[in-house]
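Notes follow the structure.
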């Protein structure tokens, strides 16, 4: 078992024939991901990477029964791509693109929710179930198969954590990037619940950062609904106020969104919060004992 | 992106949101003529810098005569203003805004921002206008009223009435207040704002609502569809190094420590600052080289880090994914040829092509290059090197 995606997941790629889309799609295919179609308007009927290309998501879904879409389109077309996927009956959209306007994502997420489509991202590395499928831009070889569920706002920290997990002799059930934007699709608590209900997952790692309050929402949720051990790290403990730290959403505004608030809330909820990012792997090993 | 008060007011005017009559002045010789054209007997002169807390710092002054207008402008233009938000280095005032003074009946605070928890815009208002809203939020949180607006229906009159009644606005004023708030919401949505704040919004003795101040932040990601707004960028207001870094695809924020950092990914870059602090040191900067880092961007990164004279060591922390470690290693080697790096450089490479990268560095035999085996080891070595 795993969450959201497995070896049978049929994937389409929106923005398939572009530079980023081509490079990462070929990496995903190599990993074993079932990419069954690509969508690029005006290129319908062609083949790219040996995969059929369609003009619209609707046509692609109709022909292939795909349930998941990996989105690489440029920022200004992201909302349109998400809504097209939702209207075509896609169940999960994984949005890699960084730099989409906040207003667009607000609208697209609202529409996706009404149509029962889940979103990962935007501005995320994607999702991987080791040895089964990789839908995103992460280097597949770092991820060993195992029982740890990883949820992270950051791409490279996801790699760092999964690497530490492997070094202590453990592995990952599914690793999910949720993205570093002010408004994102699935959040920590949604994914924590999925991991809680996944038989294969024995413990979870939550990697948060400054800005917003998703980690605080997660803390409340863990207290009430999660029985498996959770280890957390919050990046930006030493970040200054009012400065955007790389991610659009990583900003402490006024007195809210600081790392300390989030760490305190998580500790109160019984989460093992590590101060040093180098201690995550060790903490997971300990939590499993 | 933030814009100046006078630019915000121009936007307000275009949307028929009432503001006092005013004009921008860059030379005090123009002050008297400008004040005459504005009219009235009382003027307010306001320093145009991107910072709050101008009033307390002497950047907002009242003049009761034309001579006073000129004197204040003369003193203010070219001066350095240090507010509680500018930091000790302050900001040079290049422009002042002269505005007609108004007689105030009462003051309010009103703002619109994104409520990230609700994922929709929220109107924040208070009857305590003019003062620091953060303080009120702490001492009297019940005096701050928040109403989230679902963009699917947009701002409706009932939102405005609810705000008005909660603020205890006299009932005859409510229709005008509702209209004011409605326009404000329209601007927020139309212009892809991150924040609009009016502090204070005043009711004048003549019976009008006027925006006495205006602050606005815009969503950088949406500027492509607002060419007119994008032109309002004031380069003087931006940190030069940060903007320069951005042009090379680097995300840089200067900090106060002495361990320079070069990292791929924003999350890992923050975590690197944190682990330096955990190892009893302090980061000199945040620097994310991004997903497309090439040898030349790495070289540029070194150059930018080294412009900060506090930097005593550099920690290069790369977890290769899309960014290949051999490429980073080549960047470091190129940088050592082109940039005079006199401080120790601690390098930790992991992930894609890490072994090739490490070998490249070892074979190059560079004297002040220290290889670290992991995140913790790297942080410790970088902190130790900075102390030597």
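What follows is calculated from the coordinates using simple rules that are stated; it is not laboratory data. The shown structure was predicted, so the numbers you read here are calculated from the model rather than taken from an experiment. All Cβ positions, even for glycine, are placed from backbone atoms using ideal geometry, and neighbour counts span all protein chains on display.
Radius of gyration over Kirkwood radius for the stretch B:89-150, both on Cα atoms: the Rg/Rh ratio is 1.10.
Can you give me the Rg/Rh ratio for the stretch A:145-214, using Cα atoms for both radii and the Kirkwood formula for Rh?
Rounded to two decimals, Rg/Rh equals 0.97.
With a Förster radius of 25 Å applied to the beta-carbon distance between residue B:158 and residue B:117, the computed FRET efficiency rounds to 0.65.
Between the helical axis of A:259-268 and the longest alpha-carbon principal axis of chain A there is an angle of about 70 degrees. The translational diffusion coefficient of the stretch B:139-244, from Stokes-Einstein at 10 °C and 1.306 mPa s with a Kirkwood hydrodynamic radius over alpha carbon pairs, comes to 99 µm²/s. log₁₀ I(q)/I(0) of the stretch B:82-196 at q = 0.09, 0.17, 0.18, 0.22 Å⁻¹, via Debye over equal Cα point scatterers, no solvent, to two decimals? Debye curve over Cα of the stretch B:82-196, log10 I(q)/I(0) at q = 0.09, 0.17, 0.18, 0.22 Å⁻¹: -0.30, -0.98, -1.06, -1.29. Remark: mean inter-chain Cβ contacts per residue of B:110-122 equal 3, using a 10 Å Cβ-Cβ cutoff to other protein chain atoms. Label-to-label distance, residue A:7 versus residue B:36, with points set 7 angstrom from Cα along the beta-carbon direction: 8.8 nm. Helix-only arithmetic for chain A: the sum of -39500 (n - 2.57) across DSSP H runs with n ≥ 4, divided by the residue total, places the mean residue ellipticity at 222 nm at -10000 deg cm²/dmol. With the simple spin-label model, which puts each label point 7 Å out from Cα in the Cβ direction, the residue A:224 to residue B:363 separation comes to 5.9 nm.
With the alpha-carbon atoms of the stretch A:83-212 aligned to their principal axes, the span from lowest to highest coordinate is 43, 29, 23 Å, starting with the largest.
If one computes P(r) from the Cα atoms of the stretch B:240-387, what percent of pairs lie at distances over 27 Å? The share of Cα pairs beyond 27 Å in the stretch B:240-387 comes to 8 percent. P(r) for the stretch A:160-257, from all Cα pairs and a bin width of 5 Å, is 3, 12, 22, 22, 19, 13, 7, 2, 0 %, short bins first.
Determine the calculated [θ] at 222 nm for chain B from helices alone, applying -39500 (n - 2.57) to every DSSP H run no shorter than 4 residues and normalising by the residue count; nearest 500 deg cm²/dmol.
-10500 deg cm²/dmol
Taking a point 7 Å from the Cα of residue B:27 along the Cα-to-Cβ direction, the residues of the stretch B:68-92 with backbone N closer than 18 Å to it are B:70-79. Between the alpha-carbon centres of the stretch A:133-152 and the stretch B:23-47 there is a gap of 63 Å. Percent of C-alpha pairs per 5 Å bin in the stretch B:21-101, short distances first: 3, 18, 30, 24, 14, 8, 2, 0. All distinct Cα pairs of chain B go into the 1/r average, and the inverse of that average, the Kirkwood radius, is 23.9 Å.
Within the stretch A:10-120, the ratio Rg/Rh, alpha carbon atoms throughout and Rh by Kirkwood, equals 0.94. With a Förster radius of 56 Å, plug the Cβ-Cβ distance of residue B:84 and residue A:282 into 1/(1 + (r/R0)^6) and report the FRET value to the nearest 0.05. About 0.85, to the nearest 0.05.
Each label point was placed 7 Å from the Cα along the Cα-to-Cβ direction; for residue B:135 and residue A:197 their separation is 5.0 nm. The C-alpha atoms of chain A define a longest principal axis, and helix A:78-87 lies at about 70 degrees to it. Based on the Stokes-Einstein relation at 37 °C and a viscosity of 0.692 mPa s, and on the Kirkwood radius from alpha carbon pairs, the stretch B:284-324 is assigned a translational diffusion coefficient of 295 µm²/s. Three principal axis extents describe the C-alpha atoms of the stretch B:2-154; from largest down they are 50, 37, 27 Å.
All C-alpha to C-alpha distances of the protein assembly as shown, sorted into 10 Å bins beginning at zero, yield P(r) values of 3, 14, 23, 24, 19, 11, 5, 1, 0 percent in whole numbers.
May I ask you to derive the FRET efficiency for residue B:242 and residue B:280 from their Cβ-Cβ distance with R0 = 35 Å, giving the value to the nearest 0.05?
So, using R0 = 35 Å, E works out to roughly 0.80.
Annotation: the antiparallel percentage among DSSP beta bridges lying fully within the stretch A:174-289 is about 10. Helix B:266-278 and the long axis of chain B differ in direction by around 70°, with both axes built from C-alpha atoms. By DSSP, the beta bridges lying fully in the protein assembly as shown are antiparallel in about 50 percent of cases.
Here, the stretch B:308-388 has an Rg and a Dmax of 12.0, 35 Å when only alpha carbons are counted.
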